[in-house]
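Following: one structure in structure tokens, then a few remarks.
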Amino acid sequence: MNGQIWSTLIWYGGILGMAGALNKFQFFNWLAGWLETYIDFSSFSHIGLLITLVFAGTACRYLFVSCGAYMASVIPVQYTIGLAAGLPKMDMFLVFVMCGVMGAYVTHYANAAGPVLFGAGYVPLKKWWATGLFMTLVSYVIFAIIGVPYWKILGLFSSL
């Protein structure tokens, strides 16, 4: 049992360390410049690109054990693509962080309560992933219908 705990801590530390090193060496700035040079984002709408990046990030949730590791690894890449496409910074920040947290529903290991409930055997894995994906998508719809317009009213969101 202790081996699994140490393995998790080592992987978690490695992922956070890698994200820090990539940021320190300006990798994300370089990637944004490269994308801006070689990809024409002018045909994408701001909302369409935000939605695409959110769903791509949600698919990546299956690869990450923790919300922190996901936030440190995936959100900088999403943000970089958005910067290269000229998306408003505040819009990206709000949407990516909110959806990053809501995406923790997807798997049985991406939030604090999941491993405890799953480990007790209350829900089979296949059902957990299907229900988690469904709840994530429902949360995104509620967020899009209520949260984003509310941010627009407050002046925090400009992509609409």
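Where a number appears in this text, it was derived from the coordinates with a stated rule and is not lab data. Because the structure is a prediction, the values reported are computed rather than measured. Because the Cβ atoms are built from the backbone with ideal geometry, glycine has one as well, and the counts that use them run over all protein chains shown.
Given the Cα atoms of the range 27-81, and with Rh set as the inverse mean 1/r over their pairs in the Kirkwood sense, what is Rg to Rh to two decimals? Let's see the in-between values first.
Details: Rg = 12.3 Å, Rh = 12.2 Å.
Rg/Rh for the range 27-81 comes to 1.01.
For the chain, list the DSSP H helices whose alpha carbon atoms reach 30 Å or more along the long axis and whose average Kyte-Doolittle value is -0.5 or above? Spell out each step's value before the answer.
On the way: long enough: 2-24 (32 Å, 0.41).
Both cut-offs are met by 2-24.
Need the full-extension length gain, A21 to V138, defined as separation in residues times 0.36 nm minus the C-alpha distance. One decimal, nm. Before the final figure, lay out each step's value.
Details: separation 117, 0.36 × 117 = 42.12 nm, distance 3.52 nm.
Once the chain is fully extended between A21 and V138, it gains 38.6 nm.
Mind ranking 23-29, 44-50, 76-82, 119-125 by how tightly packed they are, going by the mean number of other C-beta atoms within 10 angstrom, highest first?
Taking the mean over residues of other Cβ atoms within 10 Å, the ranking is 76-82, 44-50, 23-29, 119-125.
Positive end of the dipole of the range 2-154, charges at C-beta (+1 Lys, Arg; -1 Asp, Glu), about the Cα centre: which of S66, H46, W151 has its Cα farthest in that direction?
It is S66.
Using Cα positions and a limit of under 18 Å, work out the aspartates and glutamates in reach of K152, with same-chain residues fewer than 8 apart set aside.
Once the sequence-local aspartates and glutamates are set aside, what remains near K152 is D91.
I'm spelling it out carefully: the read-out is Cα Rg over 2.2 N^0.38 Å, the candidates are (1) 1.13; (2) 0.97; (3) 1.05, and one was derived from this structure. Which label?
Read-out taken from this structure: (1).
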